[in-house]
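Reading through the C-alpha cells given below for one structure.
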Amino acid sequence: MIAFVDAHQHFQDIETHYYPWLCDVDRPAQLEGDLSPIRRNYLPADYLLDMKPVQLVKSVHIQNGWDPHDPVGETRWLQGLADAHGFPHAIVAFADLAAPDAAATLQAHCAFPNMRGIRQILNWHREPTYRVAPRADMMDDADWRRGFGFLSRYGLSFDLQIYWPQMESAYRLAKSYPDTLIILNHFGMPIDRSPEGISSWAAALAQLAQAPNVRIKISGLGLGHPHWTAQDTVPLVQRAIDTFGADRVMFGTNLPVDRLFSTTEAILDAYDIAVRNFSPAERESLFQLNAEMAYRI
C-alpha cells in the first residue's frame, strides 16, 4: 500500500479521563458489542505499533465519546498529544449543535490549531441497541440546524454518522448548507446486509452523493457485521467508491474500535483489494490526497 492518511482513528486514556461509553460497564449493549477488549488506554505509541503494516503519513482523530459535559477538554488533550507526538494531525471534536451555547463551544474548540470539524453522532434506529441519537429527526430540527449553520462561520466540516433511512434528511441538509463540507462516516453503515437492506442502502447513498459538498469515508467495516470478510465487504466498499467517485472517497481504520472485529492487517488488506484496479494516481487520491484536502492537512 502506498502512503496512507488514516481519516478515522481514536485515542483514549480511560485512567485519567471519562468516556461514558467505555467507562460505564453497566451500560446496555450497543452496536459494538462487548467492549472489554478495548476498555484500556490507547495512545500514540499503541496506534503507531498497530499501523506498522502501512506507510502512515497522517491521521485524523474523531471524537471518542469523551465526557459530553466537557467537550473542549478532549480537544485540549488531543492537541497536547499532537504537540508531543505528531499525531493526530487533525481533530474532529464533539459539540451538541442543538444546545443554546453551540457557537461558544465551537469557538472554544477553534482555539486549538489542529481543530478541523465536528461529529455529533445522529444514528437512530428502531432497535435500541443500534440507537445513539435521541430522535430520528435531528437534522430537521430548527435548533439543531441553527447550530449546524455556525460550522461555516468557523470553517469547520461535519462528520455525519447515520443509517441509510436517514440519508434523505442528510441530503436536504447538505443542499441547505452547500458551504459546509459533510463527510459520511463508516460508508453509510450498511448494518442490514440482506439483499433488501443492501439495495436500500445503495439507493440512499446514490441520492446523497448528488450533493457536491458530501464526501464518504470507508471505515468501520465491522460495525453491525462483526464477522465480516473481504469477500462479503469489499463489493460494498467498491459500490460506495463507484457511487461517489475516486475524488470524493477516503479511508480510515476506526482503531481501536475495529480491533473488536478484525486485525489491522485485515482492514488494510480489504482496502487494498477494493482499489486494486484503480490507477496509481487514483490510489494516491483515495489513500492520501482526498483526506488531506477534506481535513486541510
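What the table shows:
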read-out: Which numbered condition Leu268 fails, given (1) within 22 Å of Glu292 (Cα to Cα); (2) open to solvent by 20 Å² or more (accessible area, probe 1.4 Å); value: (2)
read-out: Criterion: farther than 27 Å from Val5 by Cβ, in contact (Cβ under 8 Å) with a residue 12 or more places away in the chain and open to solvent by 40 Å² or more (accessible area, probe 1.4 Å) - qualifying residue of Pro134, Pro113, Pro178, Pro165; value: Pro165
read-out: Those helices (runs of 4 or more DSSP H) lying entirely in the stretch 1-103 with at least 3 residues at pLDDT 95 or above and open to solvent by less than 20 Å² (accessible area, probe 1.4 Å); value: 71-85
read-out: Selected residue (criterion: most open to solvent (accessible area, probe 1.4 Å)) from residues of the stretch 149-162 that are in contact with a helix residue (DSSP H, G or I) (Cβ under 8 Å, 6 or more places away or on another chain) and either outside any helix (DSSP H, G or I) or closer than 18 Å to Val214 by Cβ (or both); value: Tyr154
read-out: Test: Arg146 is more than 18 Å from Met115 (Cα to Cα) and either open to solvent by 60 Å² or more (accessible area, probe 1.4 Å) or in contact (Cβ under 8 Å) with a residue 60 or more places away in the chain (or both); value: yes
read-out: Verdict on Ala281 being in contact (Cβ under 8 Å) with a residue 12 or more places away in the chain, surrounded by fewer than 22 Cβ atoms within 10 Å (Cβ to Cβ), small (Gly, Ala, Ser) and out of contact with any Lys or Arg (no Cβ under 8 Å at 6 or more places or on another chain); value: no
read-out: Residues that are of a type in the set (S, T, N, Q), under 16 Å from Pro195 (Cα atoms) and in contact with a helix residue (DSSP H, G or I) (Cβ under 9 Å, 6 or more places away or on another chain), drawn from the stretch 214-241; value: Thr233
read-out: Every residue from the stretch 168-198 that is of a type in the set (S, T, N, Q), within 23 Å of Thr129 (Cβ to Cβ) and either in a helix (DSSP H, G or I) or within 18 Å of the chain's Cα centre (by Cα) (or both); value: Ser169, Asn185
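The values are calculated or read from the model by the stated rules, or taken from the named source; none is laboratory data. Because the structure is predicted, anything quoted here is derived from the model rather than measured. Note: ideal-geometry Cβ built from the backbone for every residue, glycine included; neighbour counts use all protein chains shown. The area values use the complete protein model at the heavy-atom level, side chains included, leaving out ligands, DNA and RNA. Shrake-Rupley method; radii C 1.70, N 1.55, O 1.52, S 1.80 Å.
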